[in-house]
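Step one of this worksheet: look at the structure below.
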Amino acid sequence: MPSSYTPVLGLVQPNPGELTDQWGGVVNSQLTALVEASIVSVSSQSVTAGDWTLTTTGAGDPNEARSAVLVVTGTPGTTRNIYAPKQTKLYVVINNSDSMVYLKGGPTSPTTGVFVNAGQSALCAWDTTLATPDFIKVAGGGGGATGGGTNEVFFLNGPTVSVDYSVPSGKNAGTFGPVTINSGVTVTVPTGSVWSVV
């Protein structure tokens with residue numbers, strides 16, 4: 001009976017008695033290397049020309065979606081998307097581009113996702129407890145500003161909404177105002193959620 005693979009990271013699960021005299025090679029390439037990639041590997045992509053869809057290869061093969069860190073580069077001059085598989089996974093997103101990026105589940109039927117501003121980074125996770133599962137920010141990327149030392153004292157947000165945004169179902173949002181919503185841009189607040197501008 002051939003090996004099976006785990007559903008999320010695609011790690012090999014050899015069956016008893018299988019892989020006689022081949023065990024070391026298979027474990028090294030389809031288990032050990034892939035576990036390490038999911039914990040420490042870095043994938044980088046320029047988004048100057050368009051969105052970034054993380055590669056997903058066959059089970060047991062290397063791919064970008066398994067990476068721990070996603071580094072965005074380039075000068076798109078407009079918001080871009082990173083499309084990751086819609087499955088449980090942590091990503092550190094480092095946005096070294098000149099524009100905001102969204103980490104979304106997709107690319108088919110993309111989720112709302114979470115944004116990371118230019119020059120910022122965030123730890124993001126797939127949250128299955130939301131009414132519609134999506135990525136959330138676990139830490140960073142929230143507009144925190146440091147004072148003279150390393151203490152984060154202030155929360156910063158921009159004064160203009162320039163792209164459509166939907167508050168995730170079951171979540172509330174807050175913004176320091178005044179804030180302007182550009183013409184043709186929509187902010188959607190689902191029933192049961194609140195957007196407070198203070």
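Observations, loosely collected:
- Within the range 104-117, residues that are closer than 20 Å to Thr73 by Cα reach partners that are surrounded by 19 or more Cβ atoms within 10 Å (Cβ to Cβ) and of a type in the set (Lys, Arg) with beta carbons closer than 6 Å, at six or more positions or on different chains, in the pairs Gly113/Lys104.
- Scanning the range 159-185 for residues that are closer than 21 Å to Gly105 by Cα and not in a strand (DSSP E or B) returns Val163, Asp164, Val167, Pro168, Ser169, Gly170, Lys171, Asn172.
- Among the residues listed as Ile82, Ile94, Ile136, the single one being in contact with an Asp or Glu (Cβ under 6 Å, 6 or more places away or on another chain) and crowded, with 16+ Cβ neighbours inside 10 Å: Ile136
We did not get these values from a lab; they are worked out from the coordinates using the rules stated. Model, not experiment: these values are computed from the prediction. A quick note on method: Cβ atoms are made from the backbone with ideal geometry, for glycine too, and the neighbour counts reach across all protein chains shown.
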